[in-house]
Amino acid sequence: MKQEVKSVAGKEIEVVQNIFDENDRIALETKETLENLGVYVVNIMGAPGAGKTSSIISMIRNLRGEKVYVIEGDIESDIDTVKLKELGIDTIQINTKGACHLDAPIIQNSLQELTIDKPGILFIENIGNLVCPAEFQIGEHIKMLICSAAEGSDKPYKYPLAFEKADVILLTKCDLKEFVDFDDEFFLKGIRGLNKSVPVFEVNAKNGQGFQQVATWLKNRIS
Ligand SMILES: Nc1nc2c(ncn2[C@@H]2O[C@H](COP(=O)(O)OP(=O)(O)O)[C@@H](O)[C@H]2O)c(=O)[nH]1
Ligand SMILES: [Mg+2]
């Protein structure tokens, strides 16, 4: 009996591993397709309300001269897509209807709806969730983690994978730091324990502070 349980568990691990392998294969295919079109892909991860959409808008304002595309991932609604389209940004919406993250097949399918006529940057706003999006590649060149001061300075300790996998971190809502007892030292110590060299930018989407530096970093990274 013990043997049987063990082998069932072994089979489950194998199936899950196959799903991850297939996902990574499709993600690589997407990345190569977009690279051939001159498109650099940024996977934006973060909790609901962390400031992902606001950060995308603020980055675009500072990326003058660059063509930008956005894929908005949400469980339901097209609120963010409407907002971005009103600003003249080429955006398409994905609704996962319950799934807590985007994966490579979803992105590959959705690309059929996006007209890419110029090289540029594609921001993909992942589902608001600090856990699952970090586990799935979707065809990105880099993962950008958005974490707001309002979430508290202990988040690197509680959700380590997202901080470990991030290529760049934006600490948003820095204007709220003083109201939420944000502990900079504790926050940074948590990040450095997981990810020694990841750049951390402090930003405020209310007045645009910090986003020029993010845009410059992004342009350097692309070139
Ligand atoms: N005070 C403050 N509020 C912000 C900032 N960035 C975003 N917000 C607000 O936070 C809320 C959620 O922002 P949004 O960009 O929609 O977050 P998302 O769910 O991660 O895409 C909105 O009400 C924004 O106006 C910021 O830097 N400072
Ligand atoms: Mg959003």
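Some observations on this one:
- Subset of segment 163-176 that is closer than 17 Å to ALA47 by Cβ and within 12 Å of ligand 1 (Cβ to nearest atom) - its residue that is surrounded by the fewest Cβ atoms within 10 Å (Cβ to Cβ): LEU176
- Residues in segment 111-134 include at least one that is in contact with a His (Cβ under 9 Å, 6 or more places away or on another chain), in contact (Cβ under 8 Å) with a residue 60 or more places away in the chain and either over 12 Å from MET45 (Cα atoms) or assigned to a helix (DSSP H, G or I) (or both).
- Some residue of segment 178-199 being surrounded by 14 or more Cβ atoms within 10 Å (Cβ to Cβ) and in contact (Cβ under 8 Å) with a residue 60 or more places away in the chain: no
- Odd one out for ALA47, checked against (1) surrounded by fewer than 21 Cβ atoms within 10 Å (Cβ to Cβ); (2) touching a Leu at 6+ places or on another chain (Cβ under 8 Å); (3) over 22 Å from LEU161 (Cα atoms): (3)
- ILE57 being touching a residue at least 60 places away in the same chain (Cβ under 8 Å), outside any loop (DSSP other than H, G, I, E, B) and within 13 Å of ligand 2 (Cβ to nearest atom): yes
- Candidate set: segment 133-155, residues that are among the small types (Gly, Ala, Ser) and within 16 Å of ligand 2 (Cβ to nearest atom); chosen: the one surrounded by the fewest Cβ atoms within 10 Å (Cβ to Cβ): ALA150
- Search result, residues across segment 79-88 that are more than 18 Å from the chain's Cα centre (by Cα), more than 11 Å from ligand 1 (Cβ to nearest atom) and crowded, with 16+ Cβ neighbours inside 10 Å: LYS85
- If only residues of segment 48-78 that are closer than 23 Å to ASN109 by Cα and among the polar types (S, T, N, Q) are counted, the one that is nearest to ligand 1 (Cβ to nearest atom) is THR53.
- Looking only at segment 60-91, and only at residues there that are within 14 Å of ligand 2 (Cβ to nearest atom) and assigned to a strand (DSSP E or B), the one that is farthest from LEU114 (Cα to Cα): ASP74
No lab work stands behind these numbers, since they all come straight from the coordinates. Note that the structure is predicted; figures quoted are calculated from it, not measured. When we count neighbours, we look across all protein chains shown, and the Cβ atoms used for this are built from the backbone with ideal geometry, even at glycine.
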